[in-house]
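Peer 1: Starting off with a structure, shown below.
The values are calculated or read from the model by the stated rules, or taken from the named source; none is laboratory data. Everything numeric here is computed off the predicted structure, so don't read it as measured data. Glycine gets a Cβ as well: all are built from the backbone with ideal geometry, and neighbour counts include every protein chain shown. These area figures cover heavy atoms from the full protein model, side chains too; ligands, DNA and RNA do not enter into them. Shrake-Rupley method; radii C 1.70, N 1.55, O 1.52, S 1.80 Å.
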Amino acid sequence: MSTENIVAQSRQDDVLILTIQNPPVNAFSPGVPEGLKAGLDAAAADDSVKAVVIIGGGRTFVAGADIKTFNLPREQAPDLRGTIDKLDAFPKPTVAAIHGTALGGGLELAMGCTYRVATPDAQLGLPEVKLGVLPGAGGTQRLPRVVGAQKALEMMLSGEPIKATEGQEVGLIDRLIDGDLLSGAVAFAREVADARPLPRISERSVEGASPEVFAAARQGIKKSHRGQLSPELIIDLAEMAATTPFQDGWTAEATKFMQAKDSPQSRALRHVFFAEREAAKIPGLGKDTPTLDIRRAGIIGAGTMGGGIAMNFLNAGIPVTIVETTQEALDRGLGVIRRNYENTAKKGRMSQGDVETRMGLLTPSLDMGSLADADIIIEAVFENMDVKKDIFTRLDAIAKPGAILATNTSTLDVNEIAAVTSRPESVIGLHFFSPANVMKLLEIVRADKTSDTVLATSMALARRIRKVGVVVGVCDGFVGNRMVHRYGEEARQLVEEGARPEDVDAAMNALGLPMGPFQMSDMAGLDIGHAIRVHRAKVSGEPEPDGWLDRIVKTGRKGQKTGGGIYDYDETRTPRPNADVQALIDTYRTEKGVTPRDISTEELTKRLAYTLVNEGAQILDEGIAARAGDIDVIYLYGYGFPAYRGGPMQYADEMGLQGVVADLERYGQTPAPLLKRLADEGGSFAGLDASRGR
Ligand code: NAD
């Protein structure tokens, strides 16, 4: 498309209109700056032009920079800064006419104009922090000059947009336009055509810029953005806006933008941005795969998971029938759901009316027959193959033809469950994470015979109930739990060799995980892991497990639910080391003849993180996950891996796979064949995903 087409020029008498036409969201990609500059040149050269209106064609103003251009060399990247410089120096009034969204570079462009008008529902924001960068085209210097230090920091550090109505209150929008935006903008441009001097944002000073405001912001990000670079740089720049001439801040911003953009954190956050979008695409499944209409859901089991799963459907307005074996269990389950909603209402995040509407969509039942009209049925009963097989046999006779029959099993073979039905194509695993009403991840387990329609419907359903769905294959623990299982083993091994549990957790906390392996086990309940180890030992004919952690469970310390496990807990749930636990570990080592050694933080971090990577590589090789990016998404949304590290696989890429392999070998682990091969070839997981077109 020619520059002329990307930014169309038209006239309404004395006003020149520049319409950006770069669908779908008018991103600031190559061609847009050239078109805008050409338009400004035309307006400057023509005395009959008194003012310029810049507007977005289609559904939005400029929704941001094109993230793909981040990797272009500087000379080839679209010249947003140059365009805004030109706007700032422009001798005639310029008016940005905003509808849809003005985000990132879009809002910076609008702030380069002398005035801004918007439709009331337009959204304005600087979301760069979410990608580990900062507004790099004047945003950090102009936003504080328009809305004041406090509000600008709030917007830039959260990355969240505000509505144009609020934009008007804080001075970002000069007029809200209710009717036709272009006519309103042109009328406004005529009103201000002769205003001189032009009220350029770059010439204003920053209001409310006390040192305390910046100090408070620095304090705040220690909690909200722990360990992250770009929020620090944003605060530095906002402070420069308040304390130095515009040009100095403008120049510093360019340098700091490059610093942030070239950081591993930003690479990781950009990886996450794309990985999430990729995860929604299922290899081999066409976009036109038909999906089923889900109007009614059935859930079997109103325990920890069943109740949470039900809430997701109720929140999305989908009626649910929930089935239990006894009235008592049913009452208990419904009581928990109601209490959860009432607590949300108490916090003001939901009205009492909303609570009743949701509860009104829920039908309790003791009869599986009442699931006959459900479009999807999710089983969430005890983790026992015989019980599940019995339920699926009965469901096969009850469910209507075509209904999706899903299991929430964490470890059992979905193929084996599907095989007891006459319709294995309708059976799928939907693995929610606890608490199911909170955790965003949904592992969608594709069994051998699961139909494309059932798979596509499940993916669409995940979106509808606001989950991040990732398709995985059948194996023990699927992706997330299979990896976390190996990670837990390594953590226990480290303690056996000499580390203290708190050192192990601290190493993971320093990596950015809110909870280390032992904090996580204490929360989940130590008895659960113990039961799994006992079960596995039984199945494989090994002696009953008797590791140090198994011994802790046997003392009755089962984790947070019993007031203590590996750690003690107070009311604030802060973990504190326990002397008896330490003594038990010491005794255990003595019995085993282990002389404890000091283990460096580096070794702790690498052994734990690379254990995840190694198992992830194996999972990838087996085709249980389609992409390394999928594994990363699973770890971000299911296990709190920090987005600014991009997930375990991206972290490995960043560390360099050759180094990862060398470290694994040094620590006595066998690198997975795929990991070894990639390292030998000088490859990366991202490269592998790209080469497979995924
Ligand atoms: P739970 O013990 O809290 O709840 C199970 C419920 O199922 C109980 O209320 C029980 O009365 C009911 N039930 C048993 N047999 C039934 C039947 N025939 N008909 C109707 N109801 C029946 O267990 P949970 O933690 O909710 O786990 C349920 C499933 O979810 C398991 O397969 C588990 O592996 C899986 N899962 C659990 C978690 C977790 O963290 N708890 C996470 C993901 C998946």
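Peer 1: Give, in nm to one decimal, the length gained when the segment between Gln493 and Leu366 is fully stretched (0.36 nm per residue of separation minus the Cα-Cα distance).
Peer 2: Length difference between fully extended and current span is 41.1 nm.
Peer 1: R0 = 56 Å: FRET efficiency of Asp262 with Ala329, Cβ-based, nearest 0.05?
Peer 2: Taking R0 as 56 Å, the efficiency between Asp262 and Ala329 is 0.50.
Peer 1: Calculate the length of the line joining the C-alpha centroid of the range 55-70 to that of the range 237-253, in whole Å.
Peer 2: Each part's Cα centre sits 26 Å from the other's.
Peer 1: Once both axes come from the Cα atoms, what is the angle between helix 385-398 and the longest principal axis of the chain, in degrees from 0 to 90, rounded to 10?
Peer 2: Its long axis makes an angle of about 70 degrees.
Peer 1: Taking only DSSP H segments of four or more residues, each worth -39500 (n - 2.57), what value at 222 nm results for the chain once the sum is divided by all its residues, to the nearest 500 deg cm²/dmol?
Peer 2: The helix contribution divided over the chain gives -15500 deg cm²/dmol.
Peer 1: Name the residues of the range 313-353 whose amide N is less than 14 Å from a point 7 angstrom out from the Cα of Lys400 along the C-beta direction?
Peer 2: Under cut-off, by backbone N: 319-321.
Peer 1: Could you give the angle, 0 to 90 degrees to the nearest 10, between helix 80-89's Cα long axis and the longest principal axis of the Cα atoms of the chain?
Peer 2: 30 degrees
Peer 1: Between Gln12 and residues 5 or more places away or on another chain, which pairs have amide H atoms under 5 Å apart, with H built 1.01 Å from N, and which residues are they?
Peer 2: Ile17
Peer 1: Could you provide, to the nearest whole Å², the per residue accessible area of the range 507-599 with probe 1.4 Å? All intermediate terms of the calculation are to be shown ahead of the outcome.
Peer 2: Values: 5090 Å² over 93 residues.
Normalised by residue count, the accessible surface of the range 507-599 is 55 Å².
Peer 1: Another question, if that's okay. If r is the Cβ-Cβ distance from Ser205 to Lys346 and R0 is 35 Å, what FRET efficiency results, to the nearest 0.05? Display every interim value, and only then the final one.
Peer 2: Details: r = 43 Å, r/R0 = 1.24.
It comes out at approximately 0.20.
Peer 1: Evaluate E = 1/(1 + (r/R0)^6) for Ala89 and Ala216, where r is the Cβ-Cβ distance and R0 equals 41 Å; express this FRET efficiency to the nearest 0.05.
Peer 2: My answer for the efficiency is 0.70.
Peer 1: Okay, moving on. Per residue, how many Å² of accessible area does the range 241-346 show with a 1.4 Å probe?
Peer 2: 47 Å²
Peer 1: Oh, and also: Taking loop as defined by DSSP and a crowding limit of 14 other beta carbons within 10 Å, which trypsin sites (Lys or Arg not before Pro) in the range 320-368 fit?
Peer 2: Passing sites in the range 320-368 are Lys347, Arg349.
Peer 1: Compute the distance in nm between two label points, each set 7 Å from the Cα along the Cα-to-Cβ direction, one at Asp373 and one at Gln658.
Peer 2: 6.6 nm
Peer 1: With everything on Cα atoms, drop me the angle between helix 229-243 and the longest principal axis of the chain, reported from 0 to 90° to the nearest 10.
Peer 2: So the helix axis and the longest Cα principal axis differ by about 30 degrees.
Peer 1: Label Ala579 and Arg464 with points 7 Å out from Cα along Cα→Cβ: what is the distance between them in nm?
Peer 2: 5.9 nm
Peer 1: Roughly what % of DSSP beta bridges within the chain run antiparallel, to the nearest 5?
Peer 2: Roughly 30 percent of the beta bridges in the chain run antiparallel, per DSSP.
Peer 1: So for the pair Asp121, Val387, with labels modelled 7 Å out along Cα→Cβ, what separation do we get in nm?
Peer 2: Between Asp121 and Val387, the label points sit 4.7 nm apart.
Peer 1: Please calculate how many Å² of accessible area the range 80-205 carries per residue, with a 1.4 Å probe and no DNA, RNA or ligand atoms counted.
Peer 2: Here the per-residue accessible area is 32 Å².
Peer 1: Another one. With a 1.4 Å probe and every protein chain kept in, tell me what percent of the accessible surface of the chain is carbon plus sulfur.
Peer 2: 51 percent
Peer 1: Then there is this: For the range 569-574, in order, what is each residue's ³J(HN,Hα) by Karplus, 6.51 cos²θ - 1.76 cosθ + 1.60 with θ = phi - 60°, in whole Hz (x at glycine and Pro)?
Peer 2: Here the 3J(HN,Hα) series is 10, 9, 4, 7, 6, 7 Hz.
Peer 1: In whole Å, how far is the Cα centre of the range 533-552 from that of the range 623-693?
Peer 2: Taking the Cα centre of the range 623-693 as reference, the centre of the range 533-552 is 30 Å away.
Peer 1: Any chance you could run the full-extension gain for Glu591 through Glu75? It's 0.36 nm times the residue separation minus the Cα-Cα distance, nm to one decimal.
Peer 2: Stretched out fully, the Glu591 to Glu75 stretch lengthens by 179.2 nm.
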